[in-house]
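Shown next, in structure tokens, is the structure this report addresses.
The values are calculated or read from the model by the stated rules, or taken from the named source; none is laboratory data. In this text the structure is predicted, and so the values were computed from the model without any measurement. Glycine gets a Cβ as well: all are built from the backbone with ideal geometry, and neighbour counts include every protein chain shown. For the accessible areas, the whole protein counts, side chains as well, though only heavy atoms, and no ligand, DNA or RNA atoms are used. Shrake-Rupley method; radii C 1.70, N 1.55, O 1.52, S 1.80 Å.
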Amino acid sequence: TQYLGFGAPMSPFSFYDQVFELSSRSVLTFHRKVNQLSLKQYWSPTDYRRNFTGSYLEAATELKRLIEIVIKDQLMSDVGYATFLSGGIDSSLVTAIAAQYSKNQFNAYTVSFEDAGYDELPYARQVAATLPSVNHQIYYSKDFELDMDFVDLILSHTGQPFGDHSAIPMYLISKKVSQSEKVVLSGDGGDELFFGYESFTWMSYVRSLSCFPKFIRNQMLNLCNTVNFSSCSDLTRQVRKAIQYSGLSSDEQLIYLQTILDLPDIQHLYPDADIGWVSSIKAELNSHANMFEKQQLYKLNYSLTYDMLRKVDRMSMANALEVRTPLLDNRIVDFALSLPLSFCFHKGQKKRVLKEVAKQYLPREVINHKKWGFSIPLHKKLTKSFILDHMQLFKEQSILSQSQVDKFIELKLSDDPKKYTQYSQYTIDSALWSCLLLFRWAEKEKVSS
């Protein structure tokens with residue numbers, strides 16, 4: 001059920017019976033004399049308090065100093081280096097500072113997507129154009145077509161189902177980069193440390209709605225359910241979701257804002273679902289009173305650990321490529337976790353202090369454009385014909401509720417735009433991608449329910 005919600009199992013759990021994963025930030029010790037194991041966590045984000053006493057501008061100055069020192073340290077390499085340049089703030093800032101300290105020209109790599117809603121190439125080009133020491137290299141994802149061999153390739157490198165489909169572009173760009181490079185710097189960690197995700201903004205919306213009396217929210221929900229918004233069904237769905245979430249407890253709101261599928265959908269897909277892990281997450285996050293800090297803690301403890309970094313590590317190492325993450329250097333992490341919340345997220349402005357640093361290196365358009373995230377237009381790769389060609393895989397599985405799997409397949413194959421009033425195109429495709437990897441893994445491993 002963790003997999004259906006978040007795209008990956010979280011330690012200590014795995015897909016294999018009696019096989020457990022070592023918890024993050026922990027040390028497992030075997031005591032030979034007494035024949036016992038002991039588990040100790042050596043670090044946690046909760047160890048820190050937001051006790052920085054300087055001004056906002058002093059924080060920006062110190063953050064700039066730390067990022068420059070860390071990147072300068074990480075440029076040391078016997079085999080040269082490159083950077084990932086997505087066009088977002090984090091990778092652009094890393095590339096710009098690397099260019100400042102680089103003694104030689106180096107390559108910066110960008111993935112271009114054929115769907116304009118996913119393609120940040122124009123922003124990456126803006127950054128590269130300001131940096132004479134950067135050779136801009138572009139991989140065009142339109143050249144890639146999904147097939148079952150590639151699904152098997154992903155599974156072979158993750159070892160178990162992994163539902164984050166951004167593993168696809170991560171593998172593709174790593175393969176291209178590895179043809180010329182051995183070391184590459186990325187911008188991973190910036191969104192988690194400095195409140196960069198859209199879910200922080202959505203939390204603001206949901207929390208604002210929670211302040212309205214229940215009867216007003218019910219009237220708003222009835223309006224969404226009765227008025228014909230066929231021309232803007234996606235907006236209707238978003239409004240309806242926000243209103244529904246506003247009626248949940250604060251901790252439930254946080255969980256629902258992170259999951260691919262809502263908990264009721266997960267339980268419909270897997271009727272025997274054990275969702276005890278939800279209570280465990282709530283208990284761990286309850287030590288933080290502020291909902292935005294709780295969400296940051298979740299991002300660091302779960303999303304970054306079990307999804308983002310796992311994806312980068314597996315897909316890059318599959319191509320013998322070393323990825324360095326300067327923004328996750330302990331000096332920057334320690335400093336970021338000491339900053340007041342308002343320095344990072346204030347009145348809806350995300351990554352506030354990091355943007356202050358970025359102003360000194362990047363074009364304004366790159367800093368101010370909406371975050372898109374590193375994701376492939378899955379609806380153009382996981383096509384209707386692909387689903388139809390592999391329908392047997394979806395039909396013969398005995399792990400999940402067939403009726404619920406069929407429901408997502410029907411939505412995928414339908415041409416009715418009203419289908420997006422309940423689920424977004426992203427959710428439909430993400431659910432089917434997760435099912436595809438799960439069923440293919442079960443088939444290869446000869447697993448049944």
Taking the criterion of being surrounded by fewer than 18 Cβ atoms within 10 Å (Cβ to Cβ) and β-branched (Val, Ile, Thr), would at least one residue in region 401-410 satisfy it?
no
Would you check if residue 387 is under 30 Å from residue 446 (Cα atoms), β-branched (Val, Ile, Thr) and either modelled with pLDDT of 90 or more or not in a helix (DSSP H, G or I) (or both)?
yes
Here is a check on your reading of the model: is residue 356 modelled with pLDDT under 95, more than 25 Å from residue 163 (Cβ to Cβ) and charged (D, E, K, R)?
no
Quick one: what pairs do we get from region 191-216, first residue under 23 Å from residue 56 (Cα atoms), second open to solvent by 30 Å² or more (accessible area, probe 1.4 Å) and of a type in the set (Ser, Thr, Tyr), C-beta under 7 Å, 6+ apart or different chains?
191/197
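Go over the candidates 2, 41 one by one and state the one that is touching a residue at least 24 places away in the same chain (Cβ under 8 Å) and out of contact with any His (no Cβ under 7 Å at 6 or more places or on another chain). Working first, answer last.
Details: 41 fails: touching a residue at least 24 places away in the same chain (Cβ under 8 Å).
Criteria check complete, one pass: 2.
Anything in region 312-367 that is on the phi > 0 side of the Ramachandran plot and surrounded by fewer than 22 Cβ atoms within 10 Å (Cβ to Cβ)? List them, or say none. Show your work before the answer.
Of region 312-367, the ones on the phi > 0 side of the Ramachandran plot are 320, 347-348, 351.
Once the filter is applied, which keeps residues that are on the phi > 0 side of the Ramachandran plot and surrounded by fewer than 22 Cβ atoms within 10 Å (Cβ to Cβ), region 312-367 yields 320, 347, 348.
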Restricted to region 1-42 and to residues being within 22 Å of the chain's Cα centre (by Cα) and open to solvent by 70 Å² or more (accessible area, probe 1.4 Å), the residue modelled with the lowest pLDDT is 13
Regarding residue 152, is this residue free of Cβ contacts under 8 Å to residues at least 40 places away in the same chain, open to solvent by 20 Å² or more (accessible area, probe 1.4 Å), over 23 Å from residue 254 (Cβ atoms) and not polar (S, T, N, Q)?
no
Of all residues in region 43-60, which are open to solvent by 50 Å² or more (accessible area, probe 1.4 Å) and under 20 Å from residue 21 (Cα atoms)?
43
Quick one: residue 216 ticks every box in (1) open to solvent by 40 Å² or more (accessible area, probe 1.4 Å); (2) at pLDDT 90 or above; (3) assigned to a loop (DSSP other than H, G, I, E, B) bar one, so which box is it?
(3)
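Would you say residue 375 is touching a residue at least 24 places away in the same chain (Cβ under 8 Å) and more than 30 Å from residue 173 (Cβ to Cβ)? So that I can check it myself, show each step before the final result.
Values: touching a residue at least 24 places away in the same chain (Cβ under 8 Å): yes; more than 30 Å from residue 173 (Cβ to Cβ): no.
When the stated conditions are applied, residue 375 does not pass them.
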Do the conditions hold for residue 72, that is, is it at pLDDT 90 or above and surrounded by 10 or more Cβ atoms within 10 Å (Cβ to Cβ)?
yes
Taking into account only those residues within region 173-190 that are touching a residue at least 24 places away in the same chain (Cβ under 8 Å) and assigned to a loop (DSSP other than H, G, I, E, B), which is surrounded by the fewest Cβ atoms within 10 Å (Cβ to Cβ)?
180
Of those in region 113-149 that are within 20 Å of the chain's Cα centre (by Cα) and of a type in the set (Phe, Trp, Tyr), the residue least open to solvent (accessible area, probe 1.4 Å) is 113
